[in-house]
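Single-structure report; data block below.
Every number here is computed from the coordinates shown, using simple stated rules; none is lab data. Note that this is a predicted model, so its numbers are computed, not measured. Glycine gets a Cβ as well: all are built from the backbone with ideal geometry, and neighbour counts include every protein chain shown.
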Amino acid sequence: MIATLGANTVRDITNIGKFSRFFWQAMGASVRSCVKTGTYPLIWAQMNLIGVRSVPIVMVTGAFVGMILAIQAYDQLAGMGLEEHLGVLINISVVKELGPVLAAVMLAGRVGGALTAELGTMRVTEQIDAVRSMGTDPIRHLVVPRVLACLLLTPALIIYADLMGAVGGFFVGVVHLGINSWAYWNFSASGVELWDVSIGVIKGFFFGGAIAVISCYKGFTCREGAHGVGQACTEAFVASFISILALDFSLAVIFKAIYAIFWPLRSLV
Amino acid sequence: MTEADQKDKTREINKDGVLSLRNVTKKFGDNVVLDDISLSVEKGKCTVVIGPSGCGKTVLIKHLIVLLRPSSGEVYFKDRRIDNLEEKQLNRIRTHFGFLFQGGALFDSLNAAENILFPIRQHYRVTASSGIDELVKTKLAMVGLDGFQDYYPAKLSGGQRKRVALARAIALNPEVILYDEPTTGLDPIRADTINELILKLQRGLGVTSVVVTHDMKSAYKVADRIVMLHEGKILADGDAEYIRNHPNPIVQQFIKGEVSEEDLAVIRSSGIISKTQFEPRD
């Protein structure tokens with residue numbers, strides 16, 4: 001039993017080391033690629049696959065988040081006579097937390113799964129070895145365009161989710177539940193600051209980076225065969241999901257501290 | 001040590017080759033795949049590595065281009081040690097090599113022309129006026145597939161895929177071409193086409209070839225020298241005639257493609273499952 005525990009510990013530490021190495025290689029190569037125009041066509045192609053094609057699913061996710069929040073929160077607020085504040089509750093929840101997190105989870109499933117499956121298949125069919133055998137760094141050629149596309153477009157997709165969340169909340173709150181439109185938007189505008197929107201967008205950079213690096217790593221290290229690729233996809237989604245939640249918590253703590261430093265009195269309002 | 005063993009040993013330690021493995025051992029966990037292998041590949045010759053499935057042939061050929069790094073031992077290319085180089089330095093060395101993978105390893109998302117252009121684009125500035133169409137046409141014509149420029153790998157047969165992969169492997173005019181099971185999975189005519197291409201490239205362009213195969217017909221046709229691997233060690237090393245007459249029974253059994261007496265006994269003694277043992281499905 002002790003031997004098994006020891007072997008598992010060594011294996012886990014080795015895997016963390018391998019992932020850290022992969023992460024730094026990917027980040028270093030991404031920074032270098034930003035100034036090399038030769039990589040731009042590859043990044044552009046991945047932006048289309050990863051970003052543009054994810055717009056519909058992210059918008060649908062955002063709209064449903066807004067609508068569900070409106071339905072669930074209305075009765076609570078109406079009971080206190082505060083139903084006109086529904087807009088603040090919905091919009092601040094959407095832009096700060098639910099929009100970024102749920103959009104990122106959707107991307108982890110749609111984009112992360114596709115990245116792992118594609119790179120995993122390339123690994124088991126020796127295409128990654130073929131890239132290496134031709135004197136090309138597979139991280140620069142395969143990982144960097146995907147990481148940069150995710151980093152750049154996840155925040156943009158989160159803006160779409162936020163927008164549709166606001167529209168969904170408005171539709172249910174004002175059109176369906178009959179809240180006064182002017183009051184809905186007026187309270188929303190007074191309660192949601194640029195800072196709140198920025199937090200959600202900044203989180204997108206971290207979520208996008210985590211999804212891309214984890215998914216590419218799982219693809220690069222997947223085991224042989226269809227089962228190996230399937231297992232890598234599952235592991236990539238689970239790891240991305242946990243990372244999104246952990247990053248969300250960490251960033252919430254950090255942003256709260258930053259807010260308290262720069263605007264110490266506003267938190268008392 | 002027998003005379004045959006002595007001759008094998010002399011070849012192993014010949015260090016004048018363009019490409020050398022020196023005392024290379026490769027382990028995956030506790031599994032020793034290559035066990036203290038020393039091998040020198042002569043310039044301009046075709047060296048064929050034979051051996052049963054799972055004996056470490058692919059692992060060996062991947063060590064020659066350092067796609068795998070040895071657990072111990074050294075790899076040399078033109079008297080320069082390369083197994084300890086960083087990937088960035090290795091990438092420059094690898095432009096001297098072409099590698100034909102067992103399944104071709106063509107990029108699914110690129111057509112034949114784009115696959116061939118891939119290594120060229122990675123190492124040269126390609127402009128519209130640089131004659132890339134002509135270059136692709138020439139490379140495809142060399143493997144008899146001119147006109148297939150726009151075909152994606154999924155639309156090509158197994159033999160065509162290997163020929164496009166070969167065209168890609170020679171795109172950078174390499175000094176050394178490594179072939180991993182080039183004829184596996186092909187019908188005898190397509191396999192012979194690949195053999196002829198290997199000979200054409202070796203004799204026509206003077207490239208050094210290393211072929212890993214268990215196809216003895218192919219090995220006899222293309223080899224200047226045959227090396228047999230068995231359980232991670234070199235069992236025999238010599239020209240085709242030498243291998244044909246090698247006294248080791250394991251070598252003889254492999255080149256003749258005969259099942260061993262023990263395996264035969266197991267097969268004959270095992271029972272045959274009757275249909276009556278199973279209940280039919282409803």
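Structural remarks
- Here r is the Cβ-Cβ distance between A:S20 and B:N173 and R0 is 35 Å; the resulting FRET efficiency, rounded to 0.05, is 0.35.
- Across peptide B:102-111, the mean count of Cβ atoms from other chains lying within 10 Å of each residue's own Cβ comes to 4.
- Annotation note: trypsin sites (Lys or Arg not before Pro) in segment B:110-145 located in DSSP loop regions with a Cβ neighbour count of at most 16 within 10 Å are B:R125.
- Shielding value for A:134-143 is 5, the average number of Cβ atoms from other chains within 10 Å of each residue's Cβ.
- Least to most buried among B:I234, A:I50 (fewest other Cβ within 10 Å first): B:I234, A:I50
- FRET efficiency for the pair A:Y259 and B:K88, taken as 1/(1 + (r/R0)^6) with r the Cβ-Cβ distance and R0 = 56 Å, rounds to 0.80.
- Here the Kirkwood formula, the inverse mean of 1/r across different C-alpha pairs, assigns chain B a hydrodynamic radius of 20.4 Å.
- Surrounding net charge for B:A105, when Lys and Arg each add one and Asp and Glu each subtract one, Cβ distance under 14 Å: +2
- Sum of side-chain charges, A:G209 neighbourhood, beta-carbon under 13 Å (Lys, Arg +1; Asp, Glu -1): +2
- Span-like helix criteria (full DSSP H runs; alpha carbon extent of at least 24 Å along the helix axis; mean Kyte-Doolittle hydropathy of at least -0.5) are satisfied in chain A by A:2-34, A:55-79, A:144-170, A:194-220, A:225-262.
- GluC sites (Glu not before Pro), loop per DSSP, at most 12 other Cβ atoms within 10 Å - longest free stretch of chain B: B:87-257
- Put simply, the amide H of B:K45, placed in the peptide plane, has neighbours under 5 Å in B:S209, leaving out anything fewer than 5 places away on its chain.
- For B:A236, the amide hydrogen comes within under 5 Å of the amide hydrogens of B:M228, counting only partners 5 or more places away or on other chains and with H modelled in the peptide plane.
- Remark on B:F99: its backbone amide H falls under 5 Å from those of B:L178, a criterion applied only to residues 5 or more positions apart or on other chains, H modelled at 1.01 Å from N.
- For B:K27, the lysines whose Cα falls under 18 Å of its own Cα, not counting residues fewer than eight places away in the same chain, are B:K57, B:K62, B:K233.
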